[in-house]
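Inspection log for the structure reproduced underneath, given as structure tokens.
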There are 4 protein chains.
Amino acid sequence: MKNTFGSSVAVTIFGESHGNMIGAVLDGLAPGIDVDENFIASQMELRKSVGSLSTARREADEVKIVSGVFNGKTTGTPITLIIENKDTRSKDYGELAYKARPGHADYTAQMKYHGFQDFRGGGHFSGRITAGLVAAGAVAINALRKKGIYIGTHIFSCAGVFDRDFINLKDDINTLNSLDFAVLDENAKNEMMQKIEQAKRNGDSVGGRLETAVIGLPSGVGEPWFDTIESVLAHILFSVPAVKGVEFGDGFEIAEKYGSTANDEYYSENGSVCTKTNHNGGILGGITNGMPVLFRTAVKPTPSIYKEQNTVDLNTMQETTLQIKGRHDPAIVHRARVVIDSVTALVLCDQLALRYGTDWLAE
Amino acid sequence: MKNTFGSSVAVTIFGESHGNMIGAVLDGLAPGIDVDENFIASQMELRKSVGSLSTARREADEVKIVSGVFNGKTTGTPITLIIENKDTRSKDYGELAYKARPGHADYTAQMKYHGFQDFRGGGHFSGRITAGLVAAGAVAINALRKKGIYIGTHIFSCAGVFDRDFINLKDDINTLNSLDFAVLDENAKNEMMQKIEQAKRNGDSVGGRLETAVIGLPSGVGEPWFDTIESVLAHILFSVPAVKGVEFGDGFEIAEKYGSTANDEYYSENGSVCTKTNHNGGILGGITNGMPVLFRTAVKPTPSIYKEQNTVDLNTMQETTLQIKGRHDPAIVHRARVVIDSVTALVLCDQLALRYGTDWLAE
Amino acid sequence: MKNTFGSSVAVTIFGESHGNMIGAVLDGLAPGIDVDENFIASQMELRKSVGSLSTARREADEVKIVSGVFNGKTTGTPITLIIENKDTRSKDYGELAYKARPGHADYTAQMKYHGFQDFRGGGHFSGRITAGLVAAGAVAINALRKKGIYIGTHIFSCAGVFDRDFINLKDDINTLNSLDFAVLDENAKNEMMQKIEQAKRNGDSVGGRLETAVIGLPSGVGEPWFDTIESVLAHILFSVPAVKGVEFGDGFEIAEKYGSTANDEYYSENGSVCTKTNHNGGILGGITNGMPVLFRTAVKPTPSIYKEQNTVDLNTMQETTLQIKGRHDPAIVHRARVVIDSVTALVLCDQLALRYGTDWLAE
Amino acid sequence: MKNTFGSSVAVTIFGESHGNMIGAVLDGLAPGIDVDENFIASQMELRKSVGSLSTARREADEVKIVSGVFNGKTTGTPITLIIENKDTRSKDYGELAYKARPGHADYTAQMKYHGFQDFRGGGHFSGRITAGLVAAGAVAINALRKKGIYIGTHIFSCAGVFDRDFINLKDDINTLNSLDFAVLDENAKNEMMQKIEQAKRNGDSVGGRLETAVIGLPSGVGEPWFDTIESVLAHILFSVPAVKGVEFGDGFEIAEKYGSTANDEYYSENGSVCTKTNHNGGILGGITNGMPVLFRTAVKPTPSIYKEQNTVDLNTMQETTLQIKGRHDPAIVHRARVVIDSVTALVLCDQLALRYGTDWLAE
């Protein structure tokens, strides 16, 4: 399956950066779930560019729901969310039709689509396509909240600056969902923003790492093979543009520990089984254990930079140089945050519907 | 889909650690591919325990092909590979029926399967189930080699000891595929083995990180959404027991770089486009660019340790302690290596068949 | 998977009869295929109501392509086709919110969606949703024609009137694709139209059987299990509203034959193997044999009739009667024809892409 | 997906007629379901040849469960059922390696697998492969019965002889499940058996039509698109060898009715909604309505006949004749019956698990 992901609850995305419309079809969500258009709009706002930290492209990103919602609630049939592209300046991209931008998908798109791809603004590879995922994800996030399941993501690190660790997950998630630049520590936030602005002044860009927590998930969700919770989350996370690493719990660090320090010992609390630590990020054998699900995602620096770079002219196969004009983000990690939350919500709705049936989310 | 993975080329696995048989059904591979039973046997050997570094359980791991191969070649219909379990000592596991082992899937299995799971030796969650993947993977690895595609994995780090970096990928892959403990640097290898033995003496265990390279892949393979090459590889990698992190190219490190240092500039060589560096691990926009595909996998320390641990008795819900007896591995990272190679080969066969048709692998 | 069908080439549909928009996302088609908007429009025209034989609802059915086509050709990424609903009169349907119409999906929709379904005009169950399939199918039909593969469907029988049998398939298909009421025999056509008008005058409706031929398909396409060509065609055919039967070749009649009269003997012609008869409809063991693929589809009479019917008021659970007002078709079999062609084309594009790779259709 | 069918509950089949083993992997069934090996054996018996009506090949068809069952109950992980092939006489088939048998898949297998297929006894195309489906289906049938869902199939017609119609479904299903030649009317049964024996004496074969009823299914199961209950049943039914037609309710006959005679009017009984007739076979809009699900399947005559037939020698491409030796069935319709029941049960378990969650079948 290509642009469709999920089994019981599935999302299909479409569109190109400079095309007519982008959007998503969200299928299989239980009937009777409230759809809050204001919440969708506020999630779209989080994905947008923040002041000088982001591209000068300004899209209204107005989401229009054209199917699947009736009297403010999901019908159970496909929910289609469309967003018109308005602020497109395709002339900025003329040269890019044949000069592959380093770090971008231009060259691989050419190899796969043989020149028929819509190259303008990255076409279907553009981060802009995530707007459809955020719109669909907003519906999913809201549905999960009604079931007591909350997702929050902060910028774990950016340009060498680290946010504080999660302390109280419930409070931290709450805080994060009210921030447009998702950093828990005020100083770290300011420092990161300065680093981003500095990179911009240098005609350069930065990346960052995001850390996500999910609370309220029941235990027993996921499969031992091949649809472990890690597998299905990683599958969709790695399809978010610029993501190059995913780790659960202590992730790469757990590989350097001893069994005695990596294992999460059990204790009993009010008749339920808990772990004293959470090195495994709430997942054992691919299945949730009722503890918070924790993971980190590595986002590479925006490949579009103003600095001159070496490349190859695909028409002549001659080496040449390229200076990317147009409007770019000096960082996207702060914008990727809401995308991570959205795809996480979509995957969890699917897993929960598979486990408990198609109506569970609305019960 | 649960125990089946892949679309055009798919693998289905089955079995429990102490059950009658384990195995795999490999479906969709092109007809006419040579199946080399000696090669399968040698791959099974790599997965096995190495001397004192591993569990005392000794399985012949004889692979019997019961369908899909005729006159030494694939028929194009399902190849079924079965392996009998012989050296099972289920009495060792009596207590584990109700005392959840920290770091293991016992508790999550209980939450998902309500006590009906075969708990003996970890049942269907056991690393033993990977034997079926290795058997099926051997067929896939061999098919890829005929097409000039080679996969090699080394232990990047274990217990704080680091192997040398890849130098010449072709030579290094060749070397690795002849080693039963896959470390390129002889000193690093000895040091790692000592650390593992030491952990064993301490009743403890260690993890490690594996680094994999794939050479010879054509460009243009993979999808922008949702089946990026990173996504489909990560999906199956995260279903390998104990894997808690996956990163491509520079992975988590690329997140701390600048665009100008993370981008891979292009140059032209003999009429083909190459990159000067490979920070993106051979994948851009989810699609191969013809450079080597590079990724790292974090393997957590074996959760079975002799040290006493705190847990909960699931019958009484009382806190208790547990000392795991039975036969365990003080490390599995060296055994996981061939599993990583195998699942990588299975995923690539699927992606290549989707791209070029069902017969391509045998052409 | 719910509203998505296909593997390498997949279609996703959305919309409700009286909603804002309906449409389809066609994913995975090879890049570089010509997209002819006039041909799409002409196919939409075939699906529309024909004079007095059909519903009085008049929709422009203007198809807008909002993604996946660039410079008149497919890009290889999702093609989104949207159609606005304009001529909706939802007040006609007030009573139907709680009075289940016999033969319709009202009651089953209620059982599945618990009252949250958009009941207006049949909502997502409406035959109107097939407009998206026809739009997407037009792109597929055109792609197949470029490869020498042609599809044609005629009304085999309607209201007791039978069309003549296929004689010369190439010519007959050509003829059929120029007719808006797809009957090869002029007398049969007139008689059928009279029967439909008569049924309308009686406040009643009729059904009919469609017969489809596909020529130009290569041999060797399809699977022995479970994706036989019969299976994948039947899967999508049975999801077309009102279809209650599908048969290939001689179908139900072959069941009454002897082996000696049912088998298709082989002969050799210009170095290729042909069959003297085609009782098996071009498919043996689930796989095409190079002969024309032939199948028939049973379409039930339109369930919306003016005659008073017995039903149950779902609010009060009391028995009651119902006289359906609104605008209905006295027959849909002539309109279903282009839907059958469309879904056939979508399935064949998928099967061909799976067999020969993603680029084959554009080569 | 090729040899795997289903989503939440999936079956994978493997094997060749004259290979080592055939079998099935049944994945996703709820944990805690009783597995009755005697019932499996009795279902295997039904699939076997009946006296002189069937092939002289005699297989013990002993089913060995090698995974997924623990203490007599399903574990929730893959259930693997294997059956050894014992009575194979491959020398009978020498000539068939290159002379395509009319009506068989020999020629299409050659076109698809290029000569690498295991041609002995039809290889993977053989009806023998259904033994795995029957073994897996037996587990599913038993699980459904515990939930009050019963399936029964009779030979509707064979060689021009018709069985009586269903009268009392509960009783008739009960009766059918105790018969090895599934005909309700004793006279019809005897006449059919005589016709089959006569065909055998003539070196010929006959086909037949099967009619299936399912009672006890809840309403609200299935999807409007594309996974209608008709679609998913037809998909797997058309992959059963020799099936050339499938119809639901009145099927092809409903196409000749008027809306007023085809619609099933509603009435209310003990607070639930029923239909007075069942022309739609218990399915409206692709979704069950709580009435019995009814369908008919057309089974073509066994293509293996003793009569001499014309064919082409695939080595020389010269026309030639063929007289099939070996052991064949003069009819398979009576043996196909239990296959139909089995695949029906597998599909229903999947649909129910998707609707109500993975544990529902065992609750």
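The values are calculated or read from the model by the stated rules, or taken from the named source; none is laboratory data. Fair warning: this is a prediction, and the values are worked out from it, not measured in the lab. Note that each Cβ is placed from the backbone with ideal geometry, even for glycine, and that neighbours are counted across all protein chains shown.
Give the residues of the range D:10-29 that are in a loop (DSSP other than H, G, I, E, B) and either at the interface with chain B (Cβ under 9 Å from one of its Cβ atoms) or without any contact (Cβ under 8 Å) to a residue 40 or more places away in the chain (or both), sorted by residue number. Listed by number, the residues that qualify are D:G15, D:E16, D:G19, D:N20, D:G28.
If the condition is being surrounded by fewer than 24 Cβ atoms within 10 Å (Cβ to Cβ) and not basic (K, R), then the range A:276-286 contributes A:T277, A:N278, A:H279. When the residues of the range B:68-91 are filtered to those that are of a type in the set (S, T, N, Q) and farther than 16 Å from B:L133 by Cα, the one that is modelled with the lowest pLDDT is B:S90. What residue, among those in the range C:196-214 that are more than 10 Å from chain D (Cβ to nearest Cβ) and part of a helix (DSSP H, G or I), is nearest to D:V243 (Cα to Cα)? Top of the filtered list is C:I196. Of everything in the range A:182-203 that is surrounded by 20 or more Cβ atoms within 10 Å (Cβ to Cβ) and of a type outside the set (A, V, I, L, M), the residue that is modelled with the lowest pLDDT is A:K200. When C:T275 is tested against (1) under 18 Å from D:T275 (Cα atoms); (2) without any contact (Cβ under 8 Å) to a residue 60 or more places away in the chain, just one condition goes unmet, and that condition is (1). Number of residues in the range C:289-324 that are more than 23 Å from D:G251 (Cα to Cα), touching a Phe, Trp or Tyr at 6+ places or on another chain (Cβ under 8 Å) and in a loop (DSSP other than H, G, I, E, B) equals 5. For the range B:51-67, taking the residues that are over 15 Å from B:A138 (Cβ atoms) and at pLDDT 95 or above, the one that is surrounded by the fewest Cβ atoms within 10 Å (Cβ to Cβ) is identified as B:V66. Inclusion of A:D87 among residues that are within 26 Å of C:E363 (Cβ to Cβ) and either in contact with a helix residue (DSSP H, G or I) (Cβ under 7 Å, 6 or more places away or on another chain) or acidic (D, E) (or both) is not warranted.
Could you please let me know if D:L217 is assigned to a loop (DSSP other than H, G, I, E, B) and more than 7 Å from chain C (Cβ to nearest Cβ)? When the stated conditions are applied, D:L217 passes them.
With a requirement of 2 or more residues that are within 14 Å of chain B (Cβ to nearest Cβ), the strands (runs of 3 or more DSSP E) lying completely within the range A:63-170 that satisfy it span A:150-158. Scanning the range C:340-361 finds one or more residues that are crowded, with 24+ Cβ neighbours inside 10 Å, touching a Cys at 6+ places or on another chain (Cβ under 9 Å) and farther than 30 Å from D:K276 by Cβ. Evaluate the following for B:A331: is it more than 8 Å from chain A (Cβ to nearest Cβ), under 26 Å from B:H154 (Cβ atoms) and either touching a residue at least 60 places away in the same chain (Cβ under 8 Å) or basic (K, R) (or both)? When the stated conditions are applied, B:A331 passes them. Looking at the structure I just gave you, is D:P224 within 7 Å of another protein chain (Cβ to nearest Cβ), part of a loop (DSSP other than H, G, I, E, B) and over 17 Å from D:I332 (Cα atoms)? Spelling it out, D:P224 is indeed within 7 Å of another protein chain (Cβ to nearest Cβ), part of a loop (DSSP other than H, G, I, E, B) and over 17 Å from D:I332 (Cα atoms). Limited to the range D:265-321, what total is found for residues that are more than 7 Å from every other protein chain (Cβ to nearest Cβ), more than 21 Å from D:R355 (Cα to Cα) and among the hydroxyl-bearing types (S, T, Y)? Looking only at that region, the number is 8. The number of residues in the range C:227-267 that are more than 30 Å from C:A105 (Cα to Cα), free of Cβ contacts under 8 Å to residues at least 40 places away in the same chain and either in a loop (DSSP other than H, G, I, E, B) or among the acidic types (D, E) (or both) comes to 7.
Taking the numbered list (1) under 18 Å from the mean Cα position of the chain (by Cα); (2) surrounded by fewer than 22 Cβ atoms within 10 Å (Cβ to Cβ) in turn, B:T153 passes all entries but (2). Residues satisfying the criterion are present in the range A:31-50 (criterion: in a strand (DSSP E or B) and either within 10 Å of chain C (Cβ to nearest Cβ) or surrounded by fewer than 21 Cβ atoms within 10 Å (Cβ to Cβ) (or both)). Determine, yes or no, whether A:T344 is more than 10 Å from chain B (Cβ to nearest Cβ) and not in a loop (DSSP other than H, G, I, E, B). When the stated conditions are applied, A:T344 passes them. Looking across A:G222, A:G249, A:G208, one residue alone is touching a Leu at 6+ places or on another chain (Cβ under 8 Å), among the small types (G, A, S) and crowded, with 24+ Cβ neighbours inside 10 Å. It is A:G249. Could you please let me know if B:V299 is of a type in the set (A, V, I, L, M, F, W, C) and surrounded by 24 or more Cβ atoms within 10 Å (Cβ to Cβ)? For B:V299, the condition - of a type in the set (A, V, I, L, M, F, W, C) and surrounded by 24 or more Cβ atoms within 10 Å (Cβ to Cβ) - is met.
If you go through the range B:268-279 and keep only what is closer than 17 Å to B:L294 by Cβ, touching an Asp or Glu at 6+ places or on another chain (Cβ under 7 Å) and part of a strand (DSSP E or B), you end up with just B:T275. Across the range B:233-255, the qualifying residues are those that are within 7 Å of another protein chain (Cβ to nearest Cβ) and of a type in the set (A, V, I, L, M, F, W, C), and the one among them that is farthest from B:V214 (Cα to Cα) is B:A255.
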